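The values are calculated or read from the model by the stated rules, or taken from the named source; none is laboratory data. In this text, all values refer to a predicted model and were calculated from it rather than measured experimentally. Here Cβ is always computed from backbone atoms with ideal geometry, including for glycine, and neighbour counts include all displayed protein chains. Accessible surface areas use protein heavy atoms only, side chains included; no ligands, DNA or RNA. Shrake-Rupley method; radii C 1.70, N 1.55, O 1.52, S 1.80 Å.
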Amino acid sequence: MDDAGGRGVYTSEGFVVLKGSIGRLENVPSIAGTAGERLRQRLLDSGVMRPEGGVVIFEKDHLFRSPSMAGLALMARTCNGWLDWKTADGTTLNAVKRQGDS
């Protein structure tokens with residue numbers, strides 16, 4: 001994640017953001033009043049994420065229905081998780097899971 005220090009795992013149930021992942025604290029204006037803003041607030045209220053300085057930190061592993069929702073939770077903006085989640089060498093989740101490494 002370019003805007004964050006997130007780590008995650010794609011599973012058959014969805015995308016898990018791992019404990020210790022660091023994301024952006026402030027929402028971008030375009031998600032104000034949206035389901036994405038409400039999701040982030042629920043994660044903060046429930047203690048899944050906690051604010052620290054100008055960032056949020058995941059306090060535990062958390063399963064999201066899609067990589068895009070996981071990315072939104074971390075980056076505080078809409079994203080295409082299939083393209084924004086990347087391996088350490090820069091390969092997109094799309095290339096790894098949808099196209100396969102050949």
Per residue of the chain, what 222 nm ellipticity follows from adding -39500 (n - 2.57) for every DSSP H run with n ≥ 4, rounded to the nearest 500? -6500 deg cm²/dmol
Spatial separation of Cα centroids for the stretch 36-102 and the stretch 14-30, in angstrom: 5 Å
Counting sequence-distant residues (5 or more places) and residues on other chains, those with an amide H built under 5 Å from that of S66 are F15
With T = 10 °C, eta = 1.306 mPa s and Kirkwood Rh from C-alpha pairs, the Stokes-Einstein D of the chain in µm²/s is about 117 µm²/s
Once phi is turned into θ = phi - 60°, what whole-Hz ³J(HN,Hα) does the Karplus curve with 6.51, -1.76 and 1.60 give for every residue of the stretch 84-92, x standing for Gly and Pro? 7, 7, 9, 6, 4, 8, x, 6, 6
Sorted by chain and number, the residues with a modelled amide H under 5 Å from that of M49, at a separation of 5 or more or across chains, are L44, E59
Only Lys, Arg, Asp and Glu count, each charged at its Cβ (+1, +1, -1, -1), so figure out the dipole size of the chain about its Cα centre, rounded to 20 debye. 200 debye
Ignoring any ligand, DNA or RNA, what whole percent of the accessible area of the chain comes from carbon and sulfur when the probe is 1.4 angstrom? 49 percent
For the chain, with every protein chain kept in place, what is the accessible area per residue (1.4 Å probe, Å²)? 56 Å²
Phi to ³J(HN,Hα) by Karplus 6.51 cos²θ - 1.76 cosθ + 1.60 over the stretch 58-71, Hz, x for Gly, Pro: 6, 7, 7, 4, 9, 8, 10, 5, 8, x, 5, 5, 4, x
Pairing the Cα long axis of helix 35-45 with the longest principal axis of the chain, what angle in degrees results, from 0 to 90 and rounded to the nearest 10? 70 degrees
For V56, other-chain or 5+-apart residues with amide H closer than 5 Å (H placed, Pro excluded) are G23, R24, L25
